[in-house]
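Structure first, commentary second.
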Amino acid sequence: MSAGKKARNAAQTAKGKAKEETGKAVGNESLEMKGRAEQIKGDAKQAGQKAKDATKH
């Protein structure tokens, strides 16, 4: 996985975690759900990149 893509995906996951925690803290379920969705999206992209890298070797 390229370092740039890995960093972007990790940043997206971290951003999602921050949104989720903020949503929990203020009682905003919508923000919490958006955060979870963003984390899932980042994790899925990372898994896709890892699978792509595994087939290259």
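The values are calculated or read from the model by the stated rules, or taken from the named source; none is laboratory data. Predicted model only: the values in this text are computed from it and were never measured. Here the Cβ positions follow ideal geometry from the backbone for every residue, glycine too, while neighbour counts run over all protein chains shown. Protein only, heavy atoms only, side chains kept; ligands, DNA and RNA dropped before computing areas. Shrake-Rupley method; radii C 1.70, N 1.55, O 1.52, S 1.80 Å.
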Legend entry - Test result for Asp43, open to solvent by less than 70 Å² (accessible area, probe 1.4 Å), of a type in the set (Asp, Glu), out of contact with any Gly (no Cβ under 7 Å at 6 or more places or on another chain) and in a helix (DSSP H, G or I): no
Inset, instruction - May I ask you to say which residue of Lys50, Lys19, Lys24 is open to solvent by less than 70 Å² (accessible area, probe 1.4 Å) and in a helix (DSSP H, G or I)? - result: Lys19
